[in-house]
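Note sheet for the following structure.
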Amino acid sequence: MPKECNFAEIERKWQQKWEEMGVYHYDWNDKKRIPFSIDTPPPYPSGEFHMGNVLNWTYFDMVARYKRMQGFNVLFPQGWDCHGLGIEIQVEKEHNVRKRDVPPEKFRQWCMELVEKYIAIMKEAILKLGCSIDWTTEYRTMNPDYWRRTQLSFILLYKKGYMYQGTHPVNWCPHDETAIADAEVDYVKREGVLYYIRFPFEGTGNHALIATTRPEFIPACVAVEINPTDERCSKYVGKTIVVPIINRQVKVIADRCVDPAFGTGVVMICTYGDKEDVKTVIKHKLPVVKLLTENGRINENGGKYAGLTISQARAGITEDLTAAGLLEKTEKITQEVGVCDRCKTHVEILERKQWFMNTRKLTGRVVETANEIPWYPDYMKSRLIDWAKSLDWDWVISRQRLFATPIPVWYCKDCGQVILSHEDWVPIDPKLEAPRIDKCPKCGGKHFSGEQDVMDTWMDSSITCAVHAGWPDRPDWKHLFPADVHPSGTDIIRTWAYYLIVRHLALFGEKPFKSCLINGMVLGADGRKMSKSLKNYAAAPEVLNKHGADATRQWAAAGGATGSDIPYREQDVEYGRRFLVKLWNASGFTAKLLADYKPLSAKDVELQPLDKWIISKAENLTKKVTDEFEKCQFNVAIEDTRNFIWHVFCDNYLEAVKDRLYNPNLQGTAKRLAAQYTLYEVLYRVLQLLAPFTPHLTEEIYEHMFKDYKGFESLQISPWPKFDASLVDAEAEKNGDLIMAIIIEGRHDKAEKKLPLNILVPQMTVYSGSIAFTNIICSAKEDIAGTLKVANLEVISQKRADGRQINPYDVYIKLTYETKQ
Ligand SMILES: [Zn+2]
Ligand SMILES: [Zn+2]
């Protein structure tokens with residue numbers, strides 16, 4: 001083996017070779033191996049592969065590589081979730097336009113170009129990280145072939161009664177001018193102002209004081225509400241009150257939902273200031289006054305404020321209230337407001353005809369499914385369950401945007417009948433193509449208009465478990481469905497995991513995946529959220545270029561417990577790098593010691609105490625690491641393996657058998673062969689255990705030292721070691737621990753006296769507390785004396801140096817460095 005190792009070169013070489021060998025290829029025709037399918041979440045092309053992505057993909061890849069070695073036919077697909085607001089917003093920025101300023105086809109074209117540019121950047125990083133993806137599975141949700149699947153899923157759900165149109169209040173982003181789902185609303189704390197406004201009672205001269213943060217909604221006030229148990233204002237119930245500025249008379253209604261502690265305990269109900277207003281309007285059957293346009297301006301119902309933006313209207317109305325003497329006071333408050341997760345604009349609530357999926361009908365089954373499957377870590381399932389239970393609206397799946405999958409529906413211009421696309425018409429864009437029928441089935445009309453709205457991006461990406469399995473084209477797609485594992489981040493449980501479950505349940509009546517693996521978020525080294533402005537940001541391509549994939553992957557694997565947030569610390573990656581250097585050097589040294597070794601089988605060797613000791617430990621390590629992989633405890637598995645290699649193998653065993661291998665008197669003896677056999681097999685074992693974490697370097701070492709004999713084309717497809725209980729020998733481990741302790745003690749003694757480790761020791765005496773200890777020590781006399789360079793090793797039983805009785809559990813040593821005069 002070469003002395004120096006160029007990690008970057010090795011990684012590049014193996015990434016290419018594995019691809020050529022087809023190691024990652026999922027064999028669709030294999031009837032023997034059990035399939036294992038990973039529901040890789042197709043990422044949203046953001047043009048950036050960040051450390052959080054490194055963590056995600058390392059998790060996916062460790063599972064893929066481990067399962068491949070376990071003998072599974074692994075499907076590790078990769079798609080791209082292309083559509084959506086994020087890309088449209090980027091295009092608007094880059095071309096300095098709004099979506100309506102250019103022809104839709106031009107705009108879509110720009111979006112697709114940008115997506116391709118972003119995919120290229122991310123793909124390069126995924127390749128560099130060494131992910132074992134089967135690239136023949138690559139797909140893009142913006143392509144017609146994927147539209148076909150998304151549209152087909154819409155058609156099937158429509159037929160099953162899960163899709164409906166309705167005019168319901170929905171979350172609306174006035175900046176992006178589209179409906180958005182609950183999952184796309186972020187909640188942030190913002191400074192706000194609480195306005196105390198006088199609402200006069202009709203004809204009395206009295207007034208009620210109402211506190212609100214949104215005075216601009218006064219023109220849409222349809223009622224005033226109090227809590228009937230609130231003694232301060234229960235007397236108002238049923239009275240008529242006058243909404244200032246617009247002088248509309250509304251009723252004071254009572255509801256126990258009102259929080260008496262907020263403001264004055266009297267609240268105005270507007271259509272719609274917030275989600276609470278929506279609930280109240282439905283419950284008390286109140287009228288609706290629409291106040292906002294789709295781009296967030298006041299409409300004609302706002303009277304003199306019509307045409308103003310929301311903030312302009314607020315300023316105007318408070319000014320007019322002040323002039324009328326109706327604004328009693330203002331107070332600063334901190335409030336939690338919902339903002340659009342893409343553009344951070346304050347989310348409004350608008351009523352407009354939309355398409356919905358009847359998701360709430362399935363909440364019970366979603367909860368059941370979440371409880372049924374294992375989650376890694378287990379506590380993450382409550383995030384999904386809490387979210388599902390908290391949803392009070394159905395999923396609004398229509399968007400008023402361009403870059404998305406079209407909703408495959410037309411309307412009869414004469415009677416309004418909904419014309420649903422046939423299953424075999426898709427992919428189709430109803431904006432460009434007419435339905436393939438002669439006349440409206442209801443009225444015989446011949447004119448149709450295509451649906452202008454498009455689908456939420458999550459409609460594309462929430463069918464991946466079926467799509468990866470080959471739905472709807474492969475008749476045997478159920479062979480790969482449900483997926484074996486859905487890996488995902490804590491930030492997208494409420495979207496990805498939830499939508500996947502709800503959609504597959506509705507479509508196929510089955511859960512989409514058999515288990516869920518959750519990774520946490522990556523924090524800066526200071527423990528805060530990683531961000532460029534906090535200067536704790538690390539760009540993944542730079543980290544990969546500087547330290548290589550195997551070192552970076554070790555950080556991801558070892559950074560923290562599965563599911564917990566982990567900080568990015570460069571020193572962790574550097575530690576990974578040092579470990580690789582150690583492993584490379586130890587392997588090179590081992591290769592030298594094995595230069596004349598022809599691999600033997602276990603029955604041909606006479607194992608010595610230290611050989612049995614490390615073989616037993618390696619066997620126990622195998623059991624432990626396998627269990628940890630099964631439980632997705634990657635951080636424990638990698639620490640156990642690294643510690644074993646670094647300390648048990650390199651620091652202890654390798655040092656302790658060096659002499660046995662170099663000693664000219666032992667050439668060709670069974671003892672020497674036993675050490676060679678043990679070195680060879682134990683190094684091979686730990687390379688296998690490491691292979692899912694650091695695939696490149698382990699493969700390189702395998703190629704140099706093991707491939708010819710072990711015979712597998714790649715370490716990556718060598719069978720994962722099966723725990724062999726017959727090799728575990730508790731006695732041998734205990735004995736070996738004693739022998740190692742004596743060797744370590746001897747080395748400490750030299751170090752303490754500031755002597756070189758290889759100094760010759762004419763005499764060493766071991767005082768052993770019992771005959772049993774003495775026998776153990778004598779059984780490894782050559783290894784002890786050889787390692788410590790002792791000329792004469794004497795073991796004295798049951799007596800101390802001064803001749804007194806020794807404690808039966810004690811052992812101590814004495815090294816004499818000068819020959820007696
Ligand atoms: Zn927005
Ligand atoms: Zn019709």
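Suppose we filter region 157-189 for residues that are of a type in the set (S, T, N, Q) and within 14 Å of ligand 1 (Cβ to nearest atom); how many remain?
Matching residues across region 157-189 total 2.
Which ones in region 439-471 are touching a Lys or Arg at 6+ places or on another chain (Cβ under 7 Å) and open to solvent by 20 Å² or more (accessible area, probe 1.4 Å)?
LYS439, LYS446, HIS447, PHE448, SER449, GLN452 - these are the residues of region 439-471 that are touching a Lys or Arg at 6+ places or on another chain (Cβ under 7 Å) and open to solvent by 20 Å² or more (accessible area, probe 1.4 Å).
Where residues in region 390-438 are touching a strand residue (DSSP E or B) at 6+ places or on another chain (Cβ under 9 Å) and of a type in the set (Lys, Arg), which of them is farthest from GLU294 (Cα to Cα)?
LYS413
So which residues in region 465-495 are under 23 Å from LEU391 (Cα atoms), in contact (Cβ under 8 Å) with a residue 40 or more places away in the chain and in a helix (DSSP H, G or I), if there are any at all?
THR490, ILE492, ILE493, ARG494, THR495
Which of the residues belonging to region 42-83 are open to solvent by 10 Å² or more (accessible area, probe 1.4 Å) and either over 18 Å from HIS468 (Cα atoms) or in contact with a Gly (Cβ under 9 Å, 6 or more places away or on another chain) (or both)?
PRO43, TYR44, SER46, GLY47, GLU48, HIS50, GLY52, ASN53, ASN56, GLN70, GLY71
From the residues in region 322-341 that are surrounded by 16 or more Cβ atoms within 10 Å (Cβ to Cβ) and of a type in the set (A, V, I, L, M, F, W, C), which one is farthest from ligand 1 (Cβ to nearest atom)?
Out of the qualifying residues, it is LEU326.
Show me the strands (runs of 3 or more DSSP E) found entirely inside region 174-216 where at least 3 residues are within 16 Å of ligand 2 (Cβ to nearest atom), of a type in the set (Gly, Ala, Ser) and under 23 Å from GLU328 (Cα atoms).
none
Here's a check for you: in region 164-173, which residue that is within 35 Å of the chain's Cα centre (by Cα) and open to solvent by 40 Å² or more (accessible area, probe 1.4 Å) is farthest from ligand 2 (Cβ to nearest atom)?
The selected residue is HIS168.
Go through the residues of region 223-242 one by one and say whether even a single one is touching a helix residue (DSSP H, G or I) at 6+ places or on another chain (Cβ under 6 Å), away from ligand 2 (no atom under 16 Å from the Cβ), open to solvent by 10 Å² or more (accessible area, probe 1.4 Å) and under 23 Å from GLN312 (Cβ atoms).
No, region 223-242 contains no residue that is touching a helix residue (DSSP H, G or I) at 6+ places or on another chain (Cβ under 6 Å), away from ligand 2 (no atom under 16 Å from the Cβ), open to solvent by 10 Å² or more (accessible area, probe 1.4 Å) and under 23 Å from GLN312 (Cβ atoms).
Kindly indicate which of LYS290, LYS344, LYS279, LYS353 is open to solvent by 60 Å² or more (accessible area, probe 1.4 Å), closer than 28 Å to ASP456 by Cβ, within 16 Å of ligand 1 (Cβ to nearest atom) and of a type outside the set (Phe, Trp, Tyr).
LYS344
Search region 53-112 for residues being part of a loop (DSSP other than H, G, I, E, B) and within 20 Å of the chain's Cα centre (by Cα), and hand back the single one that is nearest to GLN716 (Cα to Cα).
Per the stated criteria, the residue is PHE76.
So if I check each of TYR702, TYR677, TYR684, which one is of a type in the set (Ser, Thr, Tyr) and farther than 30 Å from GLN16 by Cβ?
That would be TYR677, the only listed residue that is of a type in the set (Ser, Thr, Tyr) and farther than 30 Å from GLN16 by Cβ.
Could you check TRP584 against (1) assigned to a loop (DSSP other than H, G, I, E, B); (2) open to solvent by less than 30 Å² (accessible area, probe 1.4 Å) and say which number it fails?
With respect to (1) assigned to a loop (DSSP other than H, G, I, E, B); (2) open to solvent by less than 30 Å² (accessible area, probe 1.4 Å), TRP584 is out only on (1).
The values are calculated or read from the model by the stated rules, or taken from the named source; none is laboratory data. Predicted model only: the values in this text are computed from it and were never measured. Note that each Cβ is placed from the backbone with ideal geometry, even for glycine, and that neighbours are counted across all protein chains shown. Keep in mind that these areas ignore ligands, DNA and RNA; they rest on the heavy atoms of the full protein, side chains included. Shrake-Rupley method; radii C 1.70, N 1.55, O 1.52, S 1.80 Å.
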